[in-house]
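Where a number appears in this text, it was derived from the coordinates with a stated rule and is not lab data. The shown structure was predicted, so the numbers you read here are calculated from the model rather than taken from an experiment. Cβ sites come from the backbone with ideal geometry, for glycine too, and all protein chains shown count toward neighbours.
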Amino acid sequence: MAADIHTQLQPIDHCGRPPDSLHLLIAEIPDLQRTCSQFRQCVGQQWHLAADSKRHKLVRQLCRMDTAISKLTSDLTSRSKRLPTAHDILADLREIEEEFGEVRYDKRSKSLCTTTEPITLEGLEFGRFTICFNLSTIASNCDENPLNVIALDPNPCAADDAVVHPHVSAGHLCLGDATAPLRKATTEHRLADAFQIVAAVLRTYSADSPFCAIENWNGRPCDDCGFIANEDTSFYCEPCDKNFCEDCFSRCRDCGESMCLSCLSSCEICGDRICEDCQSLCDGCGEVACTGCLENELCPSCLEDRENEEIENDDEEIEQESTEDPSDKSQEPTSRVFTTDSTVTSVQSDRLVETSIHA
Ligand SMILES: [Zn+2]
Ligand SMILES: [Zn+2]
Ligand SMILES: [Zn+2]
Ligand SMILES: [Zn+2]
Ligand SMILES: [Zn+2]
């Protein structure tokens with residue numbers, strides 16, 4: 001097994017990184033020379049704006065070259081390091097077996113795998129995980145991820161079946177601070193170290209960057225905003241048969257029934273939430289309103305309009321009355337009653353007393 005693994009790990013340069021980085025670096029040089037002479041010319045002619053733009057271009061080019069240089073340096077130094085012999089690999093395999101109880105090599109998929117103990121974080125059980133490294137990916141030394149993490153007794157988070165550990169989603173482990181150490185271990189073919197690093201990440205909960213936070217593991221996603229609410233802050237809406245977070249859930253101001261915001265309407269006058277059963281429509285403009293905001297089935301603005309119309313009507317009638325028969329009042333000092341469709345107006349002597357009776 002150690003010999004097979006050793007053969008499999010022989011460096012293959014099919015990613016071709018060293019020539020690539022070198023090529024990138026050399027390709028930048030003519031461009032850099034051109035920008036340099038243009039910059040000098042702009043400064044000489046005192047073309048300040050143009051000189052500034054050339055200066056920015058130079059900085060960008062130098063940045064690109066800087067990246068290419070560090071990539072090339074790291075590639076060349078890691079290649080020059082002595083890689084483990086078959087004997088070293090055998091020692092590594094023994095170390096992995098001792099730590100995890102087993103180590104398997106699958107010739108077909110070229111994967112070296114082991115399984116962790118059942119993992120429990122903050123009282124929540126996530127079961128065992130199989131850690132697999134693809135050796136041909138490691139040997140090629142490209143940027144491709146050689147690691148795959150599989151939950152053997154999956155306890156996925158309620159919000160997403162693919163998340164089987166706070167830091168594992170769809171086989172991908174979010175390594176956080178362990179990214180660089182793992183990359184170094186795989187580049188140097190230190191297999192036991194690579195497994196230890198991954199197991200350490202699986203055994204630790206980092207609250208900064210989980211795919212799903214432990215406190216929301218068994219929570220429910222709000223059907224409206226997607227926020228994952230835990231059991232205490234998740235609410236069920238009966239009319240639509242869905243679950244919502246605190247912010248997307250309210251109650252009817254009139255009957256007190258709790259519902260989601262989509263199942264509740266708002267009174268267009270006071271803004272309070274009301275359920276369908278409790279909402280009324282203004283007779284005049286058809287606006288949705290709560291019962292408290294309507295008077296005689298009218299919203300305040302329609303009520304005001306209606307009253308103004310009535311006063312105008314009354315004024316017109318009084319005017320007509322006085323022009324038609326000016327002697328009327330003096331001859332009949334007792335009260336007279338005019339009736340319009342919705343208002344009874346009594347005129348007593350010179351005083352006008354209005355009482356509105358709405359249908
Ligand atoms: Zn919500
Ligand atoms: Zn209601
Ligand atoms: Zn609802
Ligand atoms: Zn209202
Ligand atoms: Zn209205």
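Extension gain, H87 to C174: 0.36 nm times the residue separation minus the Cα-Cα distance gives 28.1 nm. How much FRET efficiency would the formula 1/(1 + (r/R0)^6) give for D31 and I69, where r is the Cβ-Cβ distance and R0 is 22 Å, rounded to 0.05? After rounding, the FRET efficiency stands at 0.90. Applying Stokes-Einstein at 37 °C and 0.692 mPa s to the Kirkwood radius of region 98-251, computed over alpha-carbon pairs, gives a translational diffusion coefficient of 192 µm² s⁻¹.
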